[in-house]
Amino acid sequence: MQRARELLRRKFGFDDFRPGQAQVIGHLLAGSSAAAVFPTGSGKSLCYQLPALMLPGVTIVISPLIALMKDQIDRLDTLGIAAARMDSTLDAGQAAGVMRDLREGSLKLLYVAPERFNNERFREAMKRTRISLFAVDEAHCISEWGHNFRPDYLKLALLAKEYSVERVLALTATATPQVLVDICKGFGIEAGCAVRTGFHRPNLELLATAVEGKSRDAILLSRLRDREAGPTIVYVTLQRTAEEVAARLSRSGFEARAYHAGMETSERSSVQDWFFASRKAIVVATIAFGMGIDKSDIRAVYHYNLPKSLENYSQEIGRSGRDGLPSTCEAFVCPDDLNTLENFIYGDSPSLASIRALLGEVFAVGGELELSLYDCSHRHDIRQLVLRTLLAYLELEGLIREGTPFYSEYRFKALVPIEGIAARFEGERRDFVAKILDASKRAKTWYSLDLDETADALDSPRERIVRALDYLAEKLWIELEAAGVCNRFALLEKPGDLDALAADLYKRTERREERELSRITQVLGLFQHEGCLAEKLGSHFGEELPEPCGHCSWCRRKKALALPPRAKPIVDESRWDEVEALRVEKQELLGSPRALARFLCGLSTPRTSRARLSSHPLYGAFSEVPFMSVLERALASGTNAERGGL
């Protein structure tokens, strides 16, 4: 640790560690895996960046946030630390350069998204790499009890073993005690190596204001005019709301711009750069903004719409006041927002019929199954993330095991004379490369290659051909592209009753719905709490404050928030004849009551998106009506067979 402290001062410019950092780094340098549960902005990244300089191999940082990767790599570059990222924004030449640096051992940190491990070329490279540290950001995603469960995170623990990773660091800002237990169990971390620091940020003023939908624009404008100007984030639920509110603020004389996932990458980057450079910019954004962004002087965070969970709320308010100065975090609490949040939850759940059809395909034959998740998603009308979750459940039950994903299509373009490529090698390697090139079929500019066919013809493992092509691309002798990713699954055991298994999986999706709905209830419970809001929020994450904060809404007025009644719109029966006619016309797409309800509530599915039904006049016609009310009406008008399929 003495050397670590010297590096902290000399390389990173800090005089001392922040709370928890020395403990985590000490565990890692001693050879143990560790978990760090630190609030947003409290220095989690140093816990892997500093050890990366002291450990002999490479540190792989897994994060779903491209913005975080870019931001951290830019900073590490200014410090003279060799770091790179592999993500979808890199062109072929840049990606080849990163893989070459990794192979030559010149990188100390490599940032990747969890989905990168679905790439067979990358997985092959990892098998040949000494990984001293496997740092997993947003580690709460491994837990079904967490607010953002992602099946890919379940695989990361298995991959750490497959690659003989020497130690793991799991990081998160939002782990309840139950979620931390899941994190430690999943990554094999001893309980004594899990470090949790104080969650409470005393410089954040937590305020909650009851509003009606029609009045919140005026209240937001009033707040922005009355309070001292400073960098501000206004969080909304929908992309269109971001655009509308930003336009209204701009017309009122504020420097405001929208940010959401529906914008082009270049436009989002432009908004980020503008926000960083300004001292009074206002970004009106969905939750797509802010993750991985380290701007210390954000003075206010407003929740124009309700956050979907306490975990989301804590992350979003945690982006303000990182410089330690007072910052305002105000939520406009409007019960009418519940419809939209609930509809998103219900919209993710597949029908029982869709789950049964999926199981029929998976277990139709024994042995191995090759599955394109993209095509499977459309065949069974199940969103890809939900599809991956269902397959993860089957794997956890011991019924299937996922193998290494592969690309069904490879093609390349020669960047040097192709006839001279094999001559750059000697002996058996020259013959092997020549045979690969001979097996490739040339079109006008690009060569295509069927890897399975070529592997059989050359009597060579598919993996060796992939490594050879990857090497040629790294040397910039070819430009290599892969497409049509397929997932391999070994079928370990065929269930005796597919209908019973489908019913069980459907119940699991219903339980997920209940958990997500309970998270919204927890949000309302916080804002209506008869007591200090900071104490209530801290207790959710396992921290008991010694005394009330003194400056939240409740501490100021000693009175719980009283909310206006929730509006209860009903289905417009005058339009139901139109609905029935459309259901008959689009029976294949909208035949099940759940599919019809999702369509009427404005919730797209893989099938309706492909059929471009979102442009139909009835799409979203009942978006203001609670999903369950629309579903009940659809059930009432469907046939018995349709009701059975939900």
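When the scattering of the range 358-498 is computed by the Debye formula from its Cα atoms alone, each counted once and equally, what is log10 I(q)/I(0) at q = 0.15, 0.19 Å⁻¹? Values returned for q = 0.15, 0.19 Å⁻¹ are -0.81, -1.04. For the range 53-61, the Karplus equation 6.51 cos²θ - 1.76 cosθ + 1.60, evaluated at θ = phi - 60°, returns couplings of 6, 9, 9, x, x, 9, 9, 9, 9 Hz by residue, with Gly and Pro reported as x.
Placing +1 on the Cβ of every Lys and Arg and -1 on the Cβ of every Asp and Glu, with no other charges, gives the range 364-494 a dipole of roughly 400 debye about its Cα centre. Under the classification rounded if a/c is under 1.5, otherwise prolate if a/b is larger than b/c and oblate if not, where does the range 125-185 fall, given a ≥ b ≥ c as square roots of the Cα gyration tensor eigenvalues? Prolate. One quarter of the surface of the convex hull around the alpha-carbon atoms of the range 339-404 equals 5.2 nm², the direction-averaged projected area.
Over all distinct Cα-Cα pairs of the range 420-506, the Kirkwood formula returns a hydrodynamic radius of 15.9 Å.
With a ≥ b ≥ c taken as the square roots of the eigenvalues of the C-alpha gyration tensor of the range 573-645, please select rounded if a/c is under 1.5 and otherwise prolate if a/b is larger than b/c or oblate if it is not? Since a/c stays below 1.5, the shape of the range 573-645 is classed as rounded.
In terms of other Cβ atoms within 10 Å, K214, K11 run from fewest to most in the order K214, K11. Sorted into 10 angstrom bins from 0, the C-alpha pair distances of the range 204-337 split as 13, 49, 34, 4 percent.
Converting phi to 3J(HN,Hα) with the Karplus coefficients 6.51, -1.76 and 1.60 and the offset θ = phi - 60°, the range 134-142 yields 10, 9, 10, 7, 6, 5, 4, 5, 6 Hz in sequence order, with x at every glycine or proline.
Pairs of Lys residues in the range 364-494, spaced 8 or more positions apart or belonging to different chains, with C-alpha separations under 24 angstrom: 8 in total. Does the range 276-396 come out rounded, prolate or oblate by the C-alpha gyration tensor, with a ≥ b ≥ c the root eigenvalues, rounded set by a/c under 1.5 and, if not, prolate when a/b is larger than b/c and oblate if not? It comes out prolate by the Cα gyration axes. Report the one residue of A503, I345, Y619 whose Cα lies farthest in the direction of the positive end of the charge dipole of the chain (charges on C-beta: Lys and Arg +1, Asp and Glu -1; origin at the Cα centre). Result: I345, furthest along the dipole toward the positive end. The amide H of A208, built 1.01 Å from its N in the peptide plane, has A331, S553 as neighbours under 5 Å, considering only residues 5 or more places off or on other chains.
Under the criterion of Cα pairs below 8 Å and six or more residues apart, the relative contact order for the range 274-353 equals 29 percent. Electrostatic bookkeeping for D438 treats Lys and Arg as +1 and Asp and Glu as -1; over the other residues with beta carbon under 12 Å from its beta carbon, the sum is +1. For the chain, the pair-distance distribution built from all alpha carbon pairs, in bins 20 Å wide starting at 0, is 16, 47, 32, 4, 0 percent. The string of couplings for the range 361-373 from the Karplus curve (6.51, -1.76, 1.60, θ = phi - 60°) is 6, 4, 9, 5, 10, x, x, 10, 10, 10, 9, 8, 5 Hz, one whole number per residue in order, with x for Gly and Pro. Other residues whose C-beta falls under 11 angstrom from the C-beta of W554 contribute a net charge of +3, scoring Lys and Arg +1 and Asp and Glu -1. Exceedance of the 23 Å cut-off in Cα-Cα distance is limited, within the set K70/K127; K214/K308; K11/K185, to K70/K127; K11/K185.
Evaluating kT/(6 pi eta Rh) at 37 °C and 0.692 mPa s, with the Kirkwood radius of the range 438-564 over Cα pairs in the Stokes-Einstein relation, gives 150 µm² s⁻¹.
For the range 332-449, the relative contact order is 18 percent, taking Cα pairs closer than 8 Å that sit 6 or more residues apart in sequence and dividing their mean separation by the residue count.
Look at the alpha carbon pairs under 8 Å that are at least 6 residues apart: their mean separation over the length of the chain gives a relative contact order of 14 percent. For R10, what charge total do you get from the other residues with a beta carbon under 14 Å from its beta carbon, if Lys and Arg give +1 and Asp and Glu give -1? Result for the local shell: +1. Working ranking of peptides 386-399, 159-172 by packing, defined as the average number of other Cβ atoms within 10 Å per residue, highest first, is 159-172, 386-399. Over all Cα atoms in the range 143-266, the spread is summed up by Rg and Dmax: 21.1, 58 Å.
Mean projected area of the Cα convex hull of the range 493-588, taken over all directions, amounts to 12.6 nm². Need one number: % antiparallel among DSSP beta bridges in the chain, to the nearest 5. The antiparallel proportion sits near 30 percent.
May I ask which residue of L603, L635, L582 lies farthest towards the positive end of the charge dipole of the range 573-645, with charges of +1 (Lys, Arg) and -1 (Asp, Glu) on Cβ and the Cα centre as origin? With unit charges placed on the Cβ atoms, the residue in question is L603. Taking the Kirkwood radius as Rh and the Cα radius of gyration as Rg, the range 1-104 has a ratio of Rg/Rh equal to 0.97.
In µm²/s, what is D for the range 2-196 at 37 °C and 0.692 mPa s, where D = kT/(6 pi eta Rh) by Stokes-Einstein and Rh is the Kirkwood radius from Cα pairs? Value of D from the Cα-based Kirkwood radius: 196 µm²/s.
Bear in mind that the values in this text are calculations on the coordinates, not laboratory data. All values derive from a computational prediction rather than experimental measurement. For neighbour counting, all protein chains shown are included, and Cβ atoms are generated from backbone atoms with ideal geometry for every residue, glycine included.
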